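S.K.: Sharing a structure with you now.
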Amino acid sequence: MPQKDDKPLAGKRVVVTRAAEQSAGVIAALEKQGAEVLLMPTIEFAPPEDCSALDAAMAHISDFDWILFTSQNAVRFFAKHLAQHSSIQGRFEQPAGLRTAAVGPGTAEAANKDGFRVDYVAKNHTGESLAGELAAKLRGKRVLLPRSDRADDRLPSALRAADAEVTQVIAYRTAAPRAIDPHTLQRVRNAEVDAILFASPSAFHNLQSWIPGAELAALSQRVQFATIGPTTGRAVRDAGAQVEIEAADASPAALADAIASYYRARAQGQPSIQPSAARRA
């Protein structure tokens, strides 16, 4: 007979705000833990409107020493555009002198699947950590950084501080959807859910198009906000909202485990400190 602890999220309603095409894994992982999952994408992705910089980087890809991938989306859009680029004949073969680094295991797995040899995975899964851990190897090297159009300047600044020659290119655009399901939105506003998962700062900020910032901050006192990584957690806190669960690993199983661990600890009357660094400043 299944034990009660086999389904630590039984009776919990979790909202996933990731893009629909990226949510199947985490939905399955949460449902395996017993959760009822509501999908409410607050973010969507598209190719860049102007691909000239991306095309130029691809035409001279063998001139770079490193490619740094900071998200699975960066891998996905870069690899798709690379496969369509006129200078690539057939399947892309990574030049022997080109090394690849990834911000975390999920990004590394995506890169491997798309034909990249991943030489380094950050121990602490942030862009700044990746730059710091590789600083000695990047000094004087040419680094290609495919990113979102909304990425901030902290990572390229850290790379330049390590004396790397950085070329940033927009690999994809991040946008808010035109609409979200009104029924699910109302359930969220009424706090008829237990947790809301945010995988990026944009996913959180875009929700403010439908729920004002002050209302979101108040909602975080009634509903557990769960985030992936310190960058997303910082963005949520900077907006005045509370983060109860912060998962360091973006893999579906790790996300579900972080949320399950929080509720398991709370049910047992234990302090809600996550092994994945919940409440980390």
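Values quoted throughout were computed directly from the atomic coordinates according to the rules given, and no laboratory measurement underlies them. Model, not experiment: these values are computed from the prediction. Cβ placement follows ideal geometry from the backbone for every residue including glycine, while neighbour counts extend to all protein chains displayed.
S.K.: So how much slack lies between Ala83 and Ser52, counting 0.36 nm per residue of separation and subtracting their Cα-Cα distance, in nm?
M.R.: Here the answer is 9.6 nm.
S.K.: Quick check: residue separation of Asn190 and Glu21 times 0.36 nm, minus the Cα distance between them. What number comes out in nm?
M.R.: Computed gain between Asn190 and Glu21 is 58.2 nm.
S.K.: Of the options Phe69, Gly25, Met40, report the single residue whose Cα projects farthest towards the positive end of the charge dipole of region 1-141 (beta-carbon charges: Lys, Arg +1; Asp, Glu -1).
M.R.: Of Phe69, Gly25, Met40, it is Gly25.
S.K.: Once amide H atoms are built 1.01 Å from N in the peptide plane, which residues 5 or more positions from Ala164, or in another chain, come under 5 Å H to H?
M.R.: Under 5 Å from the amide H of Ala164 lie the amide H atoms of Gly140, each far enough along the sequence or on another chain.
S.K.: Taking the Cα centre of the chain as origin, work out the dipole magnitude from +1 charges on Lys and Arg Cβ and -1 charges on Asp and Glu Cβ, in debye rounded to 20.
M.R.: Once rounded to the nearest 20, the dipole reads 480 debye.
S.K.: Once you keep just the Cα pairs under 8 angstrom separated by 6 or more residues, what percentage relative contact order results for region 168-276?
M.R.: RCO, region 168-276: 20 percent.
S.K.: Given the rule -39500 (n - 2.57) for each run of at least 4 DSSP H residues, summed and divided by the residues of the chain, what is its mean residue ellipticity at 222 nm, to the nearest 500 deg cm²/dmol?
M.R.: -10500 deg cm²/dmol
S.K.: Within the chain, how many Lys pairs that are eight or more residues apart, or on different chains, come under 20 Å at the alpha-carbon?
M.R.: Taking the Cα cut-off of 20 Å, the pair count is 6.
S.K.: Region 94-151: Rg/Rh from Cα coordinates, Kirkwood Rh?
M.R.: Rounded to two decimals, Rg/Rh equals 0.94.
S.K.: Over the chain, what is the percentage of antiparallel beta bridges among all DSSP beta bridges, to the nearest 5?
M.R.: Rounded to the nearest five, the antiparallel share is 10 percent.
S.K.: Please list, in chain and number order, the residues 5+ apart from Ala248 or on another chain whose amide H is under 5 Å from its amide H, with Hs placed from the backbone.
M.R.: Residues meeting the criterion, in which the H sits 1.01 Å from N, are Gly229.
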